[in-house]
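Okay, so here's the structure we're looking at.
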Amino acid sequence: MALFGQGVLAIWNGIDPEAESDFVAWHVSEHIPERVGLPGFLRGRRYVAVDGRPKYFNFYETERPETLESASYLARLNDPTPWTRRVVAHFHDTSRTVCDVVVSLGRGEGAWMEAIQIRATDGVALQSVCETQILPGLIAVPGVCGAHLLHGRLPAGGTNTAETKLRGGVDASADWILLVETVEESVARDLRAGIVGQAQLIASGAGADIVRGLYRLQFSLSHAEATLQPRR
């Protein structure tokens, strides 16, 4: 479906095997609810790789990119819970990018996500082709329910926080991110030979070092759900 806001925090991470079950429980029970309960956060989602790495991809949709520099969010980054401290110490291969939502098309939420990281050789051309050809073409494919182009911002707020230090230093970041949501795994795989194939993206302004992974949705939580009072 179309993304809820104008900002996205896109995160990839691996996790040490001995901490994986703790990570999954923490992410569902504490971390995502904590984040999407903050002002300006609209939804959080976590995916697990069926191919590609790192193993986990998650992202938060926010009202604006500036939400990710807000006082309330930075306060959480600088005061991690004991559970957060325990789990984040086991992260590796972490990439964290604050993004502007450039284009977002679709309706509904797909179970599968092709997540493509692009270093552009010509960002103007890439954006133009995505806006006029690639994303409209994707959303016309049966089984595609969402297509989104994100542009990474230069590191700003949240780059030298207590949580960053727990991960051992500066995170990697992405330049452009293309997300394709589908209802079936086969639909996403078929697209790799066509409209979002390597040759097509390079011809559209992408560099050769395209990084892609196919991910399956594990958990999704909206701000409304996170702040809803339990029924008795």
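The values are calculated or read from the model by the stated rules, or taken from the named source; none is laboratory data. Fair warning: this is a prediction, and the values are worked out from it, not measured in the lab. Cβ sites come from the backbone with ideal geometry, for glycine too, and all protein chains shown count toward neighbours.
Here is how the numbers come out for the structure above:
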read-out	value
Scan of segment 180-197 for residues that are in a helix (DSSP H, G or I) and either hydrophobic (A, V, I, L, M, F, W, C) or within 20 Å of Y73 (Cβ to Cβ) (or both), ordered by number	V187, A188, L191
S95 being closer than 20 Å to T164 by Cβ, among the polar types (S, T, N, Q) and in contact (Cβ under 8 Å) with a residue 40 or more places away in the chain	yes
Every residue from segment 163-221 that is at pLDDT 95 or above and of a type in the set (D, E, K, R)	D175, E181, E184, E185, R189, D190, R192, R212, R216
Residue check, R35 of a type in the set (D, E, K, R), under 13 Å from S222 (Cβ atoms) and assigned to a strand (DSSP E or B)	no
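Table: residues versus (1) crowded, with 17+ Cβ neighbours inside 10 Å; (2) in a loop (DSSP other than H, G, I, E, B); (3) among the charged types (D, E, K, R); (4) out of contact with any His (no Cβ under 9 Å at 6 or more places or on another chain).
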site	(1), (2), (3), (4)
E109	no, yes, yes, yes
M113	yes, no, no, yes
L126	yes, no, no, yes
I134	yes, no, no, yes
P142	no, yes, no, yes
A147	yes, no, no, yes
L150	yes, no, no, yes
L178	yes, no, no, no
